[in-house]
1. For L35, are the conditions met, namely being more than 24 Å from H244 (Cα to Cα), surrounded by fewer than 18 Cβ atoms within 10 Å (Cβ to Cβ) and more than 21 Å from the chain's Cα centre (by Cα)?
2. Filter segment 307-334 down to residues that are assigned to a helix (DSSP H, G or I) and touching an Asp or Glu at 6+ places or on another chain (Cβ under 8 Å) and give me whichever is modelled with the highest pLDDT.
3. I'd like to verify a number: residues in segment 187-206 that are at pLDDT 80 or above and open to solvent by 70 Å² or more (accessible area, probe 1.4 Å), how many?
4. Can you find a residue in segment 335-357 that is among the hydrophobic types (A, V, I, L, M, F, W, C), in contact with a Lys or Arg (Cβ under 8 Å, 6 or more places away or on another chain) and part of a helix (DSSP H, G or I)?
5. Can you tell me which residue in segment 265-280 is modelled with the lowest pLDDT, limited to those that are in contact with a helix residue (DSSP H, G or I) (Cβ under 7 Å, 6 or more places away or on another chain) and open to solvent by 50 Å² or more (accessible area, probe 1.4 Å)?
6. Which numbered condition in (1) modelled with pLDDT under 85; (2) aliphatic (A, V, I, L, M); (3) surrounded by fewer than 18 Cβ atoms within 10 Å (Cβ to Cβ) is the only one that M349 fails?
7. Being surrounded by fewer than 24 Cβ atoms within 10 Å (Cβ to Cβ), among the hydroxyl-bearing types (S, T, Y), within 24 Å of R135 (Cβ to Cβ) and out of contact with any Gly (no Cβ under 6 Å at 6 or more places or on another chain) narrows it down to one of S296, S329, so name that one.
8. Being touching a Phe, Trp or Tyr at 6+ places or on another chain (Cβ under 8 Å) and among the aliphatic types (A, V, I, L, M) is the filter; apply it to segment 361-378 and report the residue that is farthest from S347 (Cα to Cα).
Amino acid sequence: MPQDFGFKYLLISRIFRSVGLIFVTISSPLYLKLLGYSPLVIGLVFSAVVGFTAFLSLTLGFLGDRRGYKKSLMIAEGISTVGVILLALTPTNFLLLATSLILAGITGSATGMRGLFSPGLTALVATNWKEDFERVRKMGLLSSVASISSVGGSLMLTFIDYLPFGKIGNYKFFFLVSSIFLVLSFAFLLLVKENRKERAKTSRIMRKTSLKYVSKVIISNSIGAVGIGMSIPLLSLWLSLYYHATDPEIGEIFTLNYVFTSLGSFLATRIKANILSLASITRVMNGVFLIAMALSPYLYLAGALYILRGFNAGFGAPNRTAVNIRGISPEDYGTASSFQALATRFSQMSSSVGGYLMELDLPLPLEVGGILQAISGGVYLRLFKKEIGKKIEEKPAQ
């Protein structure tokens with residue numbers, strides 16, 4: 001009987017993390033807008049968040065390969081928890097706010113998978129479960145519960161106007177609630193186990209075969225990440241500015257997006273197909289949905305497109321995770337996933353460009369971002385078509 005490694009506790013941890021971190025991720029641009037900051041300044045803050053997270057991912061990747069991925073995962077979660085606590089307790093001073101958001105790590109996109117990933121998570125799953133389909137199944141379950149749990153975070157935004165503490169005070173209250181969820185997430189991580197057998201670090205950094213493979217992942221992911229950085233981190237702000245959407249309306253759109261992302265991720269656990277084709281096609285479609293949103297004249301049409309994009313992204317994410325680690329040696333999982341995260345995070349520093357484009361013409365961030373993400377899906381397929389085709393019947397690299 002396969003060992004469980006405390007997978008149910010990892011699931012519970014992702015549930016709590018998703019509720020807390022998603023609210024902070026969605027609401028931060030709106031909170032900064034409420035305090036009077038421009039889209040460009042907000043984009044610059046998000047770029048700083050991305051830069052810090054990239055550095056943290058790389059550092060913890062090296063640590064994970066040598067000391068264990070559970071340790072690197074817990075360190076990352078601890079720093080994020082401290083950041084959200086500070087966000088709830090600090091005054092509205094810009095420097096303190098920026099520092100809190102940087103530590104909270106609200107980088108990347110406010111998608112249903114935002115609460116799932118943190119440094120060490122992908123490597124931990126890869127080292128505990130060896131078969132491609134089992135990895136897709138585990139990541140699909142994690143993505144599904146993280147996405148559906150994200151509804152809790154978006155619902156907090158939906159009901160933010162009903163609290164009695166004033167607009168700023170209402171945000172502060174829910175930041176505090178979010179920090180409690182992150183503390184619970186950290187507590188359940190303590191119960192997760194790691195398979196430390198079959199892995200001994202024999203190279204100083206990474207094997208050449210692993211480096212060659214991860215370089216291909218980085219090329220394709222970086223193109224898409226530039227597009228995502230331009231469009232998704234500030235999407236709640238974009239909806240507010242472009243359609244004059246209220247906080248409850250934005251919360252409703254994100255809530256339905258997370259429900260459909262969860263359905264997509266769950267469906268991925270039930271379909272056994274060519275993981276590369278699914279990963280590539282869904283990435284192209286992610287970009288197409290963004291372009292269509294930018295062209296939409298109506299809020300609820302744009303919202304419906306974003307909801308469909310969530311289903312598509314949820315279905316594709318577990319398959320992409322399986323492809324991204326397919327040709328990597330087990331001893332390099334932590335470093336390789338960190339290099340991937342480093343490239344992705346640095347590319348997502350385009351948030352500042354997205355803020356600038358938003359000031360020039362509101363549809364531009366989604367139009368340019370969508371084109372880049374669609375291109376990255378084609379590049380992804382081209383780079384891995386031969387390699388995955390050769391290995392599809394083989395066991396993962398040892």
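The values are calculated or read from the model by the stated rules, or taken from the named source; none is laboratory data. These numbers were taken from a predicted model, which means no experiment stands behind them. With ideal geometry, Cβ positions are generated from the backbone for all residues, glycine too; neighbour counts draw on all protein chains shown. Note: areas computed on protein heavy atoms with side chains; ligands, DNA, RNA excluded. Shrake-Rupley method; radii C 1.70, N 1.55, O 1.52, S 1.80 Å.
1. On the way: more than 24 Å from H244 (Cα to Cα): no; surrounded by fewer than 18 Cβ atoms within 10 Å (Cβ to Cβ): yes; more than 21 Å from the chain's Cα centre (by Cα): yes.
Taking the combined requirement at face value, the residue does not satisfy it.
2. Keep residues of segment 307-334 that are assigned to a helix (DSSP H, G or I), which gives 307-324, 330-334.
Then drop every residue that is not touching an Asp or Glu at 6+ places or on another chain (Cβ under 8 Å), which leaves 322, 330-334.
Numbers: A322: 77, P330: 71, E331: 70, D332: 72, Y333: 71, G334: 68.
Looking at the filtered set, the residue picked out is A322.
3. From segment 187-206, those at pLDDT 80 or above are 187-194; that's our starting set.
Narrowing the set further to residues that are open to solvent by 70 Å² or more (accessible area, probe 1.4 Å) leaves 190-191, 193.
Total meeting the criteria: 3.
4. Initial filter on segment 335-357 (among the hydrophobic types (A, V, I, L, M, F, W, C)): 336, 339, 341-343, 346, 349, 353, 357.
With the extra rule that they be in contact with a Lys or Arg (Cβ under 8 Å, 6 or more places away or on another chain), the set shrinks to none.
No, every residue in segment 335-357 fails to be among the hydrophobic types (A, V, I, L, M, F, W, C), in contact with a Lys or Arg (Cβ under 8 Å, 6 or more places away or on another chain) and part of a helix (DSSP H, G or I).
5. Of the residues in segment 265-280, the ones in contact with a helix residue (DSSP H, G or I) (Cβ under 7 Å, 6 or more places away or on another chain) are 265-269, 272, 275-276, 278-280.
In the following step, the residues that additionally are open to solvent by 50 Å² or more (accessible area, probe 1.4 Å) were identified as 266-267, 272.
Values: F266: 84, L267: 86, K272: 75.
The extreme case among them is K272.
6. (3)
7. Details: S296 fails: within 24 Å of R135 (Cβ to Cβ).
Residue meeting the stated conditions: S329.
8. Narrowing segment 361-378 to residues touching a Phe, Trp or Tyr at 6+ places or on another chain (Cβ under 8 Å): 362-363, 365-366, 370.
Subsequent filtering for residues that are among the aliphatic types (A, V, I, L, M) retains 362, 366.
Values: L362: 21, L366: 16 Å.
Per the criteria, the residue is L362.
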